[in-house]
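A short write-up of the structure that comes next.
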Amino acid sequence: MAEFRGRPYDSEIDKRLFEVTKSMLASDGFENLSVSQIVIESGTTRSAFYRRYKDLSALVLAVLLHEFPTDLTKEFDTGSLPDDLRAIQEDQLDFFTTPLVYRGLSGFLAQLRSEDSQRQQFAEYFLHLRREATRLIIDRAVERGEIKNGYDPDLICDIITGPFIFRTILPETGPLDTTLVNGTVKAALGVLGYQRDA
């Protein structure tokens with residue numbers, strides 16, 4: 001007979017923690033999250049929470065990576081660089097206007113400034129993969145002869161993603177809308193030296 005060691009792992013607790021956290025982020029934002037409220041709403045305990053997550057930031061990071069995985073196999077390949085960039089920007093618009101992201105990302109990013117390990121995980125599994133997806137789009141444009149090689153992929157990613165993050169952190173600076181999509185596409189095309197009309 002196998003010896004029992006410790007409590008059995010309960011995957012239902014993880015599911016409840018995720019669902020409650022998603023709901024609270026979307027309605028109240030990161031700043032108003034608390035471990036106490038999350039465990040109460042999840043019907044679990046603080047000890048169960050801390051067996052799984054170091055703190056709130058670790059839980060929110062897990063939620064974001066689970067809900068919004070970067071799929072490099074999702075190709076934005078229309079055969080045209082302007083249309084490819086517009087497609088990825090429309091995808092970003094959907095992402096940043098999701099209540100979970102729009103209400104929760106700003107406070108979460110602020111918290112990451114003081115948490116090196118989780119900031120590195122966020123960069124590795126979230127930001128860097130998105131940069132790679134953008135690079136693949138531009139590499140195809142180079143292969144098609146639409147633009148010349150020698151671009152800075154990180155700069156292009158910053159040009160198309162930075163304004164979304166900025167307006168999420170400071171909504172007073174402008175809306176997240178199709179005008180922003182079109183403006184960021186035009187800016188990226190200009191830096192890339194794309195000549196034909198977008």
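The values are calculated or read from the model by the stated rules, or taken from the named source; none is laboratory data. Note that the structure is predicted; figures quoted are calculated from it, not measured. No Cβ is skipped: glycine too gets one built from the backbone with ideal geometry, and neighbour counts run over all protein chains shown.
Conditions first: (1) surrounded by fewer than 18 Cβ atoms within 10 Å (Cβ to Cβ); (2) modelled with pLDDT of 95 or more. Arg7 passes all but one, so which condition is the exception?
(2)
Tell me which of these Val181 doesn't satisfy, since it passes every other one: (1) over 25 Å from Gly29 (Cβ atoms); (2) touching a residue at least 60 places away in the same chain (Cβ under 8 Å); (3) surrounded by 18 or more Cβ atoms within 10 Å (Cβ to Cβ).
(1)
May I ask you to say which residue of Arg119, Arg103, Arg86 is assigned to a helix (DSSP H, G or I) and without any contact (Cβ under 8 Å) to a residue 12 or more places away in the chain?
Working: Arg103 fails: without any contact (Cβ under 8 Å) to a residue 12 or more places away in the chain; Arg86 fails: without any contact (Cβ under 8 Å) to a residue 12 or more places away in the chain.
Just one listed residue meets the conditions, Arg119.
Arg167: among the basic types (Lys, Arg), assigned by TED's automatic domain parsing to the domain that holds Asp84 and farther than 13 Å from Ile88 by Cα, yes or no?
Yes.
Taking the stretch 12-45 on its own, how many of its residues are part of a helix (DSSP H, G or I) and in contact (Cβ under 8 Å) with a residue 40 or more places away in the chain?
Of the stretch 12-45, the ones part of a helix (DSSP H, G or I) are 12-28, 30-32, 35-42.
In the following step, the residues that additionally are in contact (Cβ under 8 Å) with a residue 40 or more places away in the chain were identified as 17-18, 21-22, 25-28, 30-31.
The qualifying residues number 10.
If I filter the stretch 125-152 down to residues being in contact with a Pro (Cβ under 9 Å, 6 or more places away or on another chain) and without any contact (Cβ under 8 Å) to a residue 40 or more places away in the chain, which single residue comes out as surrounded by the most Cβ atoms within 10 Å (Cβ to Cβ)?
That would be Arg131.
Between Phe122, Phe68, which is buried (at least 19 other Cβ atoms within 10 Å of the Cβ) and within 27 Å of Glu12 (Cβ to Cβ)?
On the way: Phe68 fails: buried (at least 19 other Cβ atoms within 10 Å of the Cβ).
Checking each option against the conditions leaves just Phe122.
Name the residue, out of Val60, Val39, that is within 16 Å of Leu127 (Cα to Cα), in contact with a helix residue (DSSP H, G or I) (Cβ under 9 Å, 6 or more places away or on another chain) and either at pLDDT 95 or above or outside the structural domain of Ile138 (by TED's automatic domain parsing) (or both).
Values: Val39 fails: within 16 Å of Leu127 (Cα to Cα).
Of the residues listed, the single one that is within 16 Å of Leu127 (Cα to Cα), in contact with a helix residue (DSSP H, G or I) (Cβ under 9 Å, 6 or more places away or on another chain) and either at pLDDT 95 or above or outside the structural domain of Ile138 (by TED's automatic domain parsing) (or both) is Val60.
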